[in-house]
Amino acid sequence: MSTILEARQLCKRFGAATALEHVNFSFAPGHIIGLLGPNGSGKTTLIKLVCGLLTPTEGEVLVCGMQPSHQTKSLVSYLPDKLYFDNWMKVRDCLALFADFYQDFDRAKATDMMASLGIDTNKTFRTLSKGTQEKVQLSLVMSRRAQLYLLDEPIGGVDPAARDFILDTIINNYNDQGTVVISTHLISDIERVLDDVVFLFGGRVERMASVDSLREQYGKSVDEVFREVFRC
Amino acid sequence: MLGKILKYEFKATARIFVLLYAVLMVLAGINAALVATRDVINSEIYSSVVMGLTMIAYVLVAIAVFVVTAVLIVLRFYRMLGAEGYLWLTLPATTEQHILGKLVCGMVWSCASALIVIASIVVVVTPFGVNDQIWHAVSNLWNLLILTGFQPTFWLVAMIIMLLLGMLYGILMFYAAMAVGPTLVKSRLGGSVLAYVVFYVAIQVVGFIMMYVGMLPSAPILSANMDIPMSDSGVVSWAAMSAIAPGINQVTLAIIIISMAQCVLFAVAFYLITRYYMKRRLNLS
């Protein structure tokens, strides 16, 4: 499969507001891509379109050559920027749910990951802190052998000390044949793990390049380039 | 996949319903026990205050069973199109499976709620010792209807089928309103209520037209059988009843067929609307 994720003239409007404007890109498998942009630049909208949670206004987005459907959903492992489990559910219920629905889910791996994060799987969601709930969701999402991982602000809600741990979790656990898309505005924290970056601004792709070529071209870190491009 | 969705749907709802049903049956049992022992205890306070309060509690819980059933049916779907959608709608399941999963679960709990309330009424009424009398009166009426040429068994079966079909389209109307709602106005809740009102008016109008047109051929039969000859004391004679029975059966059959056609039409329409909006117009907030 030469292309894992592709957008063709992808537009999304909410009434009069434009969230994405004629976005085009194409990614090969095996890369870690940073979807970077300030708040409101369309990062979450783009990811939700790939997951089929939003419908494009124009154009299309393709996962492994298919429009979002139940087939693409079995290939995509998605971490939203929201908590989605019912409060009454125990962590082990969530493990059972992922094991039931996703054939590529490695339950032992998720259990190990949660143990190393100090998560008690017998606890209900309502008794866990927000940060721990996010870690549960991340452990579940990263324990799948998916073709495409979509991580929406995976480090947004946690303290800086936990960020490194989460990034290590991501790098060490993703299916290396797959592609990881990480959306964030905390660039300096994740820069070290990225292969490619997409700069989104006002719903448009401002720049798209490999991290190496960007550093070579500007002689700066991605974070510094980002600050320059999006200077207010 | 549908089986797995059903498993989690029942798991999420069972913990509430089982508790509610248990409370209802315990209250019914307490009421029955109080009635059965009222002569033994023979106290004014006991028979008025204690029995009155437990009866009120029982009636309130019985009402709550229906309210909670309806609210949960709506809420389970509403949440799927909200925060919980980030989990459920990203599972590798089709839109049809999601709708059917919620629908089957909603139908099963609706039927269970109706049956459990009926069962609890039987428990409450039994100590009064009137069950035999009620049963006797009903079977007498039943036999009388059959003897005069009516079809009460057919009516009963048709009524149960119509109740189930009505339940089906009633639930699907909720779903369709919630699926369409967010596309109408900015507020998801406001849009859903608005869509529900529009659908309600639409089914009233369509339902009336269908019934009116469908009943036109039956009008002569109906008018021919409207005048039931009665004796001076207001008693209807056997012969008079037998004479109008075929006409009434025919008209009833027409009403049943039209009502069922309405239910099926509405159910299919609301299912298709829900499916279309979830597939083509989904915009999870």
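The values are calculated or read from the model by the stated rules, or taken from the named source; none is laboratory data. In this text, all values refer to a predicted model and were calculated from it rather than measured experimentally. We place every Cβ from the backbone using ideal geometry, glycine too, and count neighbours over all the protein chains shown. The accessibility values were calculated without ligands, DNA or RNA, using every heavy atom of the protein model including side chains. Shrake-Rupley method; radii C 1.70, N 1.55, O 1.52, S 1.80 Å.
For the stretch B:42-55, check the following and say yes or no: at least one residue is part of a helix (DSSP H, G or I), free of Cβ contacts under 8 Å to residues at least 40 places away in the same chain and closer than 13 Å to B:I16 by Cα.
no
Considering each residue of the stretch B:246-285, count those that are within 14 Å of chain A (Cβ to nearest Cβ), over 18 Å from B:R79 (Cα atoms) and surrounded by 14 or more Cβ atoms within 10 Å (Cβ to Cβ), and give that number.
Residues of the stretch B:246-285 that are within 14 Å of chain A (Cβ to nearest Cβ), as a first pass: B:275-285.
Pick out the ones that are also over 18 Å from B:R79 (Cα atoms) and you get B:276, B:280.
So of that shortlist, the ones also surrounded by 14 or more Cβ atoms within 10 Å (Cβ to Cβ) come out as B:276.
Of the residues in the stretch B:246-285, 1 are within 14 Å of chain A (Cβ to nearest Cβ), over 18 Å from B:R79 (Cα atoms) and surrounded by 14 or more Cβ atoms within 10 Å (Cβ to Cβ).
In the stretch A:80-111, how many are open to solvent by less than 10 Å² (accessible area, probe 1.4 Å), of a type in the set (A, V, I, L, M) and more than 8 Å from every other protein chain (Cβ to nearest Cβ)?
Residues in the stretch A:80-111 being open to solvent by less than 10 Å² (accessible area, probe 1.4 Å), of a type in the set (A, V, I, L, M) and more than 8 Å from every other protein chain (Cβ to nearest Cβ): 3 in total.
Go through the stretch B:150-179 and give me each residue that's more than 15 Å from B:S259 (Cβ to Cβ) and β-branched (V, I, T).
Within the stretch B:150-179, B:T153, B:I171 qualify.
Please list, ordered by first then second residue, the pairs with beta carbon atoms under 7 Å, 6 or more apart or interchain, first in the stretch B:91-108 and away from chain A (no Cβ under 14 Å), second β-branched (V, I, T).
B:L103/B:I171; B:C105/B:T13; B:G106/B:I73; B:G106/B:I171; B:M107/B:I171
Here's the yes/no breakdown for (1) of a type in the set (V, I, T); (2) crowded, with 19+ Cβ neighbours inside 10 Å; (3) farther than 22 Å from B:V193 by Cα:
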{"position": "B:S43", "(1), (2), (3)": "no, no, yes"}
{"position": "B:V49", "(1), (2), (3)": "yes, no, yes"}
{"position": "B:V74", "(1), (2), (3)": "yes, no, no"}
{"position": "B:V104", "(1), (2), (3)": "yes, no, yes"}
{"position": "B:S113", "(1), (2), (3)": "no, yes, yes"}
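Do any strands (runs of 3 or more DSSP E) lying entirely in the stretch A:111-227 carry at least 2 residues that are within 26 Å of A:I4 (Cβ to Cβ) and out of contact with any strand residue (DSSP E or B) (no Cβ under 6 Å at 6 or more places or on another chain), and which ones are they?
Details: elements: A:148-152, A:179-184, A:196-201, A:204-210.
Where strands (runs of 3 or more DSSP E) fall fully within the stretch A:111-227 and carry at least 2 residues being within 26 Å of A:I4 (Cβ to Cβ) and out of contact with any strand residue (DSSP E or B) (no Cβ under 6 Å at 6 or more places or on another chain), they are A:196-201.
Looking at the stretch B:184-219, which of its residues are surrounded by 13 or more Cβ atoms within 10 Å (Cβ to Cβ), over 25 Å from the mean Cα position of the chain (by Cα) and β-branched (V, I, T)?
Within the stretch B:184-219, just B:V185 meets the criteria.
Given the conditions (1) outside any helix (DSSP H, G or I); (2) under 28 Å from B:A202 (Cα atoms), and given that B:A177 satisfies all but one, which numbered condition is not satisfied?
Among (1) outside any helix (DSSP H, G or I); (2) under 28 Å from B:A202 (Cα atoms), the lone unmet condition for B:A177 is (1).
If I ask for residues that are within 12 Å of another protein chain (Cβ to nearest Cβ), within 26 Å of B:V18 (Cα to Cα) and open to solvent by 10 Å² or more (accessible area, probe 1.4 Å), which ones from the stretch B:78-90 would you list?
Of everything in the stretch B:78-90, those that are within 12 Å of another protein chain (Cβ to nearest Cβ), within 26 Å of B:V18 (Cα to Cα) and open to solvent by 10 Å² or more (accessible area, probe 1.4 Å) turn out to be B:R79, B:L81, B:A83, B:E84, B:W88.
Say whether the condition of being outside any helix (DSSP H, G or I), free of Cβ contacts under 8 Å to residues at least 60 places away in the same chain and either more than 14 Å from chain A (Cβ to nearest Cβ) or surrounded by fewer than 15 Cβ atoms within 10 Å (Cβ to Cβ) (or both) is met by at least one residue in the stretch B:122-134.
Going through the stretch B:122-134, the residues outside any helix (DSSP H, G or I) turn out to be B:129-130.
Those left that are additionally free of Cβ contacts under 8 Å to residues at least 60 places away in the same chain: B:129-130.
So of that shortlist, the ones also either more than 14 Å from chain A (Cβ to nearest Cβ) or surrounded by fewer than 15 Cβ atoms within 10 Å (Cβ to Cβ) (or both) come out as B:129-130.
Taking every residue of the stretch B:122-134 in turn, at least one turns out to be outside any helix (DSSP H, G or I), free of Cβ contacts under 8 Å to residues at least 60 places away in the same chain and either more than 14 Å from chain A (Cβ to nearest Cβ) or surrounded by fewer than 15 Cβ atoms within 10 Å (Cβ to Cβ) (or both).
Counting only residues that are assigned to a loop (DSSP other than H, G, I, E, B) and within 11 Å of A:T179 (Cβ to Cβ), which one in the stretch A:13-38 is most open to solvent (accessible area, probe 1.4 Å)? Please lay out each step first, then the result.
Let us first name the residues in the stretch A:13-38 that are assigned to a loop (DSSP other than H, G, I, E, B), namely A:15-16, A:28-31, A:37-38.
With within 11 Å of A:T179 (Cβ to Cβ) added as a condition, the list becomes A:28-31.
Numbers: A:A28: 44, A:P29: 45, A:G30: 31, A:H31: 65 Å².
Checked the stretch A:13-38; the qualifying residue most open to solvent (accessible area, probe 1.4 Å) is A:H31.
In the stretch B:135-166, what residues are under 25 Å from B:A62 (Cα atoms) and open to solvent by less than 50 Å² (accessible area, probe 1.4 Å)?
B:M162, B:L165, B:G166
Of B:A224, B:A176, B:A261, B:A195, which residue is more than 26 Å from A:P68 (Cβ to Cβ), out of contact with any Asp or Glu (no Cβ under 9 Å at 6 or more places or on another chain) and modelled with pLDDT of 90 or more?
Numbers: B:A224 fails: modelled with pLDDT of 90 or more; B:A176 fails: more than 26 Å from A:P68 (Cβ to Cβ); B:A195 fails: more than 26 Å from A:P68 (Cβ to Cβ).
Going through B:A224, B:A176, B:A261, B:A195 in turn, just one is more than 26 Å from A:P68 (Cβ to Cβ), out of contact with any Asp or Glu (no Cβ under 9 Å at 6 or more places or on another chain) and modelled with pLDDT of 90 or more: B:A261.
Working only within the stretch B:51-72, note down all residues that are open to solvent by less than 30 Å² (accessible area, probe 1.4 Å) and closer than 20 Å to B:G166 by Cβ.
Correct list: B:V65, B:T69, B:L72.
If A:D196 passes every condition in (1) touching a helix residue (DSSP H, G or I) at 6+ places or on another chain (Cβ under 9 Å); (2) free of Cβ contacts under 8 Å to residues at least 40 places away in the same chain but one, which one does it miss?
(2)
For the stretch A:51-66, which residues satisfy the criterion of being within 25 Å of B:T183 (Cα to Cα), of a type outside the set (V, I, T) and more than 11 Å from every other protein chain (Cβ to nearest Cβ)? Write out each step before concluding.
Let us first name the residues in the stretch A:51-66 that are within 25 Å of B:T183 (Cα to Cα), namely A:51-62.
Then drop every residue that is not of a type outside the set (V, I, T), which leaves A:51-54, A:56, A:58-60, A:62.
Those that are within 25 Å of B:T183 (Cα to Cα), of a type outside the set (V, I, T) and more than 11 Å from every other protein chain (Cβ to nearest Cβ): A:E58, A:G59, A:E60, A:L62.
So which residues in the stretch B:69-104 are among the β-branched types (V, I, T) and part of a loop (DSSP other than H, G, I, E, B), if there are any at all?
Residues of the stretch B:69-104 among the β-branched types (V, I, T): B:69, B:71, B:73-74, B:90, B:94-95, B:99, B:104.
Matches in the stretch B:69-104: B:T90, B:T94.
Just to be sure, is A:V50 more than 15 Å from the chain's Cα centre (by Cα), open to solvent by less than 20 Å² (accessible area, probe 1.4 Å) and touching a residue at least 24 places away in the same chain (Cβ under 8 Å)?
no
Can you name the residue in the stretch A:39-50 that is out of contact with any Leu (no Cβ under 6 Å at 6 or more places or on another chain) and not in a helix (DSSP H, G or I) and is also farthest from the other protein chains (Cβ to nearest Cβ) among such residues?
Going through the qualifying residues, I end up with A:N39.
Can B:F10 be described as away from chain A (no Cβ under 12 Å), in a helix (DSSP H, G or I), crowded, with 18+ Cβ neighbours inside 10 Å and on the phi < 0 side of the Ramachandran plot?
Details: away from chain A (no Cβ under 12 Å): yes; in a helix (DSSP H, G or I): yes; crowded, with 18+ Cβ neighbours inside 10 Å: no; on the phi < 0 side of the Ramachandran plot: yes.
For B:F10, the condition - away from chain A (no Cβ under 12 Å), in a helix (DSSP H, G or I), crowded, with 18+ Cβ neighbours inside 10 Å and on the phi < 0 side of the Ramachandran plot - is not met.
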